[in-house]
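Handing you this structure, nothing more for now.
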């Protein structure tokens, strides 16, 4: 109990250093816990399903002469069932899932957008291992049947039992609720609020399906995935009609199918892995900086605590007792920091969710708690053992002489790591911010400012456009097939002999749509009627026309009347592109509106007007720029994380430098006083105090800056195709800012003692 008593006394007596320790530890622990929780969540992707180790994606590589491109949403419809049929001893079940078909659900006067809904066959629940709370899973094989998640059912029906209730989907078809399933966490590939029976969707479900669905198979316990992969393609070759003249099949040189474990598929993407590596690195940099900062301040206090420890030893205290005293002292400080960190997490829910773009419920689920616990353990071990060893090793002779003169070597590596970490994070933030700003503000040939959209099929599209155009804050409104940043790719271009040449990006829209988005016209005119097409220069190049393209005919498609500049997001080379007037108006179900200034205010007014005009429909206009934000979601998460980590380490380093400077000034107070008595100026004293720090900071900042360049370039190359060349001046600026921050802190903190009357310092000795 004595050791605990002395530990509490030391915390109270050294309240100034204790506050610095608690602030830096709390901040470092809070930020690192959030980062590690995000990493843990990503690592547990697709592990919610029962028996998830047996789940495997059917992965299809389409070779168009430029290599295969495996993906989870490009399987031919019968692939999964065929695998189950031919490998009954290996495969337990297989399911087909569609996550792109536009499904809108209507309940009462509310219409719910279909982006959160899935379609699947009767083996969906059995294969995926999703707990079914109510209903018979086989009912999903019937037409116009729907199952919904527990939370979505509660949202629609409250405490009523939804089974047997009827909904409308896509405005015309009835869907009977046949069951309820457990909510699926965010870190899962298939997490729809509702699942509509695949039989309800009217699209081709044979080998001519075009590769539009995801297939998942559940292997039996002990089954060999490689066994299937070695034998599946010769079998499927007997089914896939490669010789048939059908769009995607006709274009493909070959199709190769393979199984891959579902729980590892998310991590197979280099973009995801790179993000996890760097987020982990950021978390460790923050955590280690906070721990080393604690150790630095503790070791720096040896100058005024050594005598007290010597007295304890003269009174019979063993090294173990001294270590125990420091152990309890560290435990109390870490405990306070943990409490503060938990408080911050509980009270900054919205901010954390905004930065991490995931709910705190998912971040801190029971499965992910190992991450924050690991952070606390690392912090405690580093912060306790190193200083505790030094304190317990102080000899009893300290009562009679100075002990700390030769112990500065412990401080230097700790300071070096902190300074290097500061420069590293500053460099990362600089590179990320410059690259992110570049892609977000890149000229793409059209103007997104004030442009908003909604994916919605109005019962009377022309009447809806008229209503929108009549609003005083609306500049214009037009229909298109998809939002401008996401053209479709479903029509092929053929030569005069019917041979496939390439598949362009396409928009269906009328002439006024081009004017609305301010699509830059390079030559000719906008299309004014069906059969007229405007294209980009990339398409003209691929057609091998000798002219500029105006007046040329694309076989079976139309006549080129204009050349426009359309640049794809995050592409080093833009795909061929055209835009034309559709024959079927149902193909244009994405309404674009250009708002007048002030845009944010008018967007709110627009959505309010939609509620008044269409009270029974779920219509929410969003800025087109949100598509760009969504496209770079992982990059944005990393950018936000880097900025927060950078601010955190700046505060931690600030606390560390303040603590170090305080103890250094206290240790050298007599020396400073004597120098001032002998005529030393304030500037001389400040240079003397800065010199020691500068010698450590210069190489540390250099190493940290170079490390940030390497890691930043790795991240950029993984997340972006269109890369901005970063000027070396950026990194030079990072080094200057880091050095200015470090030395500025030392100068500000030393200014008072440099101007102090030397007599006061001498008397205090």
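Please treat every number below as a calculation from the coordinates, not as lab data. Model, not experiment: these values are computed from the prediction. Please note: Cβ atoms are built from the backbone with ideal geometry, for glycine as well, and neighbour counts cover all protein chains shown.
Say R0 is 41 Å: what FRET efficiency, to the nearest 0.05, do residue 271 and residue 343 get from their beta-carbon distance?
0.75
A further question follows. Could you please rank 200, 641, 289, placing first whichever residue has the fewest other Cβ atoms within 10 Å of its Cβ?
Values: 200 20, 641 23, 289 30.
In increasing order of surrounding Cβ atoms, one gets 200, 641, 289.
Going by C-beta contacts inside 10 Å, put 709, 571, 518 in order with the fewest on the left. Don't skip to the end; give the middle numbers.
Working: 709 20, 571 11, 518 14.
Lowest to highest Cβ neighbour count: 571, 518, 709.
Just to be sure I understand the model, the point goes 7 Å from the Cα along the line to the Cβ. What's the resulting residue 160 to residue 544 distance in nm?
6.5 nm
Sticking with this one: Compute the FRET efficiency between residue 239 and residue 703 as 1/(1 + (r/R0)^6), taking r as their Cβ-Cβ distance and R0 = 41 Å, and round to the nearest 0.05.
Details: r = 58 Å, r/R0 = 1.42.
For residue 239 and residue 703, the calculated efficiency is 0.10.
Taking other Cβ within 10 Å of each residue's Cβ, how do 107, 441 sort, fewest first?
Values: 107 16, 441 9.
Least to most surrounded, the residues fall as 441, 107.
Kindly identify region 428-536 as rounded, prolate or oblate by the Cα gyration tensor criterion: order the square roots of the eigenvalues as a ≥ b ≥ c, call it rounded if a/c is under 1.5, otherwise compare a/b with b/c, prolate if a/b is larger, else oblate.
Numbers: a/c = 1.88, a/b = 1.05, b/c = 1.80.
Oblate shape, in that a/c is at least 1.5 and b/c is the bigger or equal ratio.
Multiplying the sequence separation of residue 691 and residue 61 by 0.36 nm and subtracting their Cα-Cα distance, what value in nm do you get?
Numbers: separation 630, 0.36 × 630 = 226.80 nm, distance 6.10 nm.
Length gained, residue 691 through residue 61: 220.7 nm.
Continuing with this model, one more query. Length gain on complete extension for the stretch residue 433 to residue 515, per 0.36 nm per residue less the alpha carbon to alpha carbon distance?
On the way: separation 82, 0.36 × 82 = 29.52 nm, distance 3.23 nm.
Full-extension gain reported as 26.3 nm.
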